[in-house]
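Here the structure is laid out as C-alpha coordinates; the discussion comes afterwards.
The values are calculated or read from the model by the stated rules, or taken from the named source; none is laboratory data. This structure is a prediction, so every number in the text was calculated from the model and none was measured. A quick note on method: Cβ atoms are made from the backbone with ideal geometry, for glycine too, and the neighbour counts reach across all protein chains shown. The area values use the complete protein model at the heavy-atom level, side chains included, leaving out ligands, DNA and RNA. Shrake-Rupley method; radii C 1.70, N 1.55, O 1.52, S 1.80 Å.
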Amino acid sequence: YQNLVARRGLLHSDQELFNGGSQDSLVRLYSSSTSAFFNDFVVAMVKMGNISPLTGWPGEIRLNCRKVD
(Lines give C-alpha, C1' and ligand atoms only; values in the text may rest on other atoms or scores of the structure.)
Protein backbone atom coordinates (compact mmCIF):
# COMPACT_ATOMS: atom_id res chain seq x y z
CA TYR A 1 0.00 0.00 0.00
CA GLN A 2 2.91 2.33 0.61
CA ASN A 3 4.00 1.84 -3.01
CA LEU A 4 0.50 2.68 -4.21
CA VAL A 5 0.50 5.92 -2.23
CA ALA A 6 3.93 6.71 -3.72
CA ARG A 7 2.47 5.99 -7.21
CA ARG A 8 4.78 3.00 -7.63
CA GLY A 9 2.21 0.22 -7.89
CA LEU A 10 3.65 -2.90 -9.48
CA LEU A 11 0.69 -3.45 -11.79
CA HIS A 12 -1.62 -0.90 -13.38
CA SER A 13 -4.59 -2.79 -11.93
CA ASP A 14 -3.08 -2.46 -8.44
CA GLN A 15 -2.48 1.25 -8.85
CA GLU A 16 -6.17 1.69 -9.71
CA LEU A 17 -6.87 1.16 -6.00
CA PHE A 18 -5.24 4.55 -5.42
CA ASN A 19 -6.25 6.88 -8.22
CA GLY A 20 -8.33 9.65 -6.69
CA GLY A 21 -11.35 7.42 -6.16
CA SER A 22 -13.37 6.05 -3.31
CA GLN A 23 -10.70 3.54 -2.19
CA ASP A 24 -7.95 6.12 -1.59
CA SER A 25 -8.77 6.57 2.09
CA LEU A 26 -8.59 2.82 2.69
CA VAL A 27 -5.26 2.57 0.86
CA ARG A 28 -3.90 5.44 2.97
CA LEU A 29 -5.11 3.72 6.15
CA TYR A 30 -3.56 0.37 5.22
CA SER A 31 -0.30 2.03 4.17
CA SER A 32 0.08 3.56 7.62
CA SER A 33 -1.45 0.86 9.82
CA THR A 34 -0.51 -2.79 9.42
CA SER A 35 -2.85 -3.71 12.27
CA ALA A 36 -5.84 -2.10 10.48
CA PHE A 37 -5.06 -4.16 7.38
CA PHE A 38 -4.72 -7.43 9.27
CA ASN A 39 -7.86 -6.80 11.34
CA ASP A 40 -9.89 -6.20 8.17
CA PHE A 41 -8.21 -9.17 6.47
CA VAL A 42 -9.27 -11.51 9.29
CA VAL A 43 -12.87 -10.28 9.10
CA ALA A 44 -12.89 -10.77 5.31
CA MET A 45 -11.46 -14.30 5.56
CA VAL A 46 -14.08 -15.30 8.12
CA LYS A 47 -16.84 -13.94 5.85
CA MET A 48 -15.41 -15.82 2.86
CA GLY A 49 -15.21 -18.99 4.92
CA ASN A 50 -18.93 -18.72 5.61
CA ILE A 51 -19.90 -18.56 1.93
CA SER A 52 -21.50 -21.73 0.67
CA PRO A 53 -20.17 -22.29 -2.85
CA LEU A 54 -22.45 -23.58 -5.55
CA THR A 55 -21.60 -27.11 -6.60
CA GLY A 56 -22.51 -29.25 -9.57
CA TRP A 57 -24.22 -27.70 -12.59
CA PRO A 58 -25.42 -24.54 -10.74
CA GLY A 59 -21.81 -23.81 -9.81
CA GLU A 60 -20.43 -24.28 -13.33
CA ILE A 61 -18.76 -21.10 -14.54
CA ARG A 62 -17.63 -22.10 -18.02
CA LEU A 63 -19.65 -20.48 -20.77
CA ASN A 64 -18.73 -22.92 -23.53
CA CYS A 65 -20.00 -26.16 -22.05
CA ARG A 66 -23.34 -27.85 -22.30
CA LYS A 67 -25.28 -29.66 -19.64
CA VAL A 68 -24.70 -33.39 -19.66
CA ASP A 69 -27.35 -35.59 -18.08
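Straightening the chain between residue 52 and residue 35 buys 3.3 nm, computed as 0.36 nm per residue apart minus the Cα-Cα spacing. Surface composition of the chain: carbon plus sulfur atoms hold 57% of the accessible area, using a 1.4 angstrom probe and ignoring ligands, DNA and RNA.
The peptide list 23-34, 48-59, put in order of mean Cβ contacts within 10 Å with the highest first, becomes 23-34, 48-59. Computed over neighbours whose Cβ is under 15 Å from that of residue 19, the net charge equals 0, Lys and Arg +1, Asp and Glu -1. Only one of (i) 5.1; (ii) 7.2; (iii) 4.3 was calculated from the structure for mean projected area of the Cα convex hull in nm², and its label is (ii). Note: relative contact order over the range 1-50, using C-alpha pairs below 8 Å and six or more positions apart, is 31 percent. Take the chain with all the other protein chains still there, run a 1.4 Å probe, and you get 87 Å² of accessible area per residue.
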